[in-house]
Amino acid sequence: MEPFADFYLGGHPHYSTDEVLTALFRSGGHRFSHRWTRLLEIRGEPAGLLLSFPGSKVLSLSAGLAFRLLQVYGPLGFVRLAARLVDYSGFREAESDEYYIAQLAILPGFQRRGLGSLLLEQAEAQALASGLLKCSLFVDSENAPALSLYQRHGYQVVGTETSRYPGFEIPRRVFFRMLKTLHEAAENSPAAISEASPGPHP
């Protein structure tokens, strides 16, 4: 995610991309908030992250993010961000009857331990708890390990989206939209996965 985050959120006159993301995480009312984040810890160390929410909330959470970015970057900075994001304007991320997995990530030192499966099962459990029987996500078509993970768990490719980033600073990407219909509650480990806390404010 780092090249994408730096491309879209970098360039603030006073704060780094990490500082902007931290500020977004600590606030509420948008898609990058702690409200929709689950953290995976191994022996007290962060190992992975799940960001997910009902598909019916995609538009309102995206609007909340736009408002928060306007506050952080100011009008001119926000216009720059919007210009870079215009290439995604045609993307329909999720339907209202789906639970959308926006981000699923495992830190490099904890990969290949089945933790991605654990987070995926947690997302499916959250979907069922929300009364939704479908989970959807997007995956980079060149990310073979992630694609294999989702296919093993029953996700199927139902569409593709192609994006060419303005300025060609990041290569063109083809994304697969994947969908799974849920039939029973997924197993998860409550002790290992916890709701993210915003932490102390600076």
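Across segment 122-136, what is the total count of residues that are farther than 8 Å from Tyr99 by Cβ and among the aliphatic types (A, V, I, L, M)?
4
Considering only segment 153-186, state which residues are in a loop (DSSP other than H, G, I, E, B) and at pLDDT 70 or above.
Those that are in a loop (DSSP other than H, G, I, E, B) and at pLDDT 70 or above: His153, Gly154, Tyr155, Arg172, Leu182, His183.
Please determine whether any residue of segment 68-89 is closer than 24 Å to Val139 by Cβ and modelled with pLDDT of 85 or more.
No: zero hits.
Looking at (1) over 26 Å from Leu120 (Cα atoms); (2) touching an Asp or Glu at 6+ places or on another chain (Cβ under 6 Å), which is the one condition that is false for Val58?
(1)
What single numbered condition from (1) in a strand (DSSP E or B); (2) over 27 Å from Thr22 (Cβ atoms); (3) modelled with pLDDT of 95 or more; (4) among the aliphatic types (A, V, I, L, M) fails to hold for Leu137?
So Leu137 meets the others, but not (2).
Select from segment 25-49 the residues that are in a strand (DSSP E or B) and either within 14 Å of Leu115 (Cα to Cα) or out of contact with any strand residue (DSSP E or B) (no Cβ under 8 Å at 6 or more places or on another chain) (or both) and list them in ascending order.
Restricting attention to segment 25-49, the residues satisfying the condition of being in a strand (DSSP E or B) are 37-42, 45-49.
Arg38, Leu39, Leu40, Glu41, Ile42, Glu45, Pro46, Ala47, Gly48, Leu49 - these are the residues of segment 25-49 that are in a strand (DSSP E or B) and either within 14 Å of Leu115 (Cα to Cα) or out of contact with any strand residue (DSSP E or B) (no Cβ under 8 Å at 6 or more places or on another chain) (or both).
If we scan segment 123-139, do we find a residue that is farther than 14 Å from Ala47 by Cα, without any contact (Cβ under 8 Å) to a residue 40 or more places away in the chain and within 18 Å of the chain's Cα centre (by Cα)?
Yes, because at least one residue in segment 123-139 is farther than 14 Å from Ala47 by Cα, without any contact (Cβ under 8 Å) to a residue 40 or more places away in the chain and within 18 Å of the chain's Cα centre (by Cα).
Mind checking which residues of segment 50-62 are part of a strand (DSSP E or B) and closer than 15 Å to Gln103 by Cβ?
Leu50, Leu51, Ser52, Phe53, listed by residue number.
List the number of the failed condition for Leu119; all other conditions in (1) in contact with an Asp or Glu (Cβ under 9 Å, 6 or more places away or on another chain); (2) within 14 Å of Leu50 (Cβ to Cβ); (3) part of a helix (DSSP H, G or I) hold.
Checking Leu119 against (1) in contact with an Asp or Glu (Cβ under 9 Å, 6 or more places away or on another chain); (2) within 14 Å of Leu50 (Cβ to Cβ); (3) part of a helix (DSSP H, G or I), the one that fails is (1).
The values are calculated or read from the model by the stated rules, or taken from the named source; none is laboratory data. Note that the structure is predicted; figures quoted are calculated from it, not measured. Positions of Cβ are backbone-derived with ideal geometry, glycine not excepted, and every protein chain shown enters the neighbour counts.
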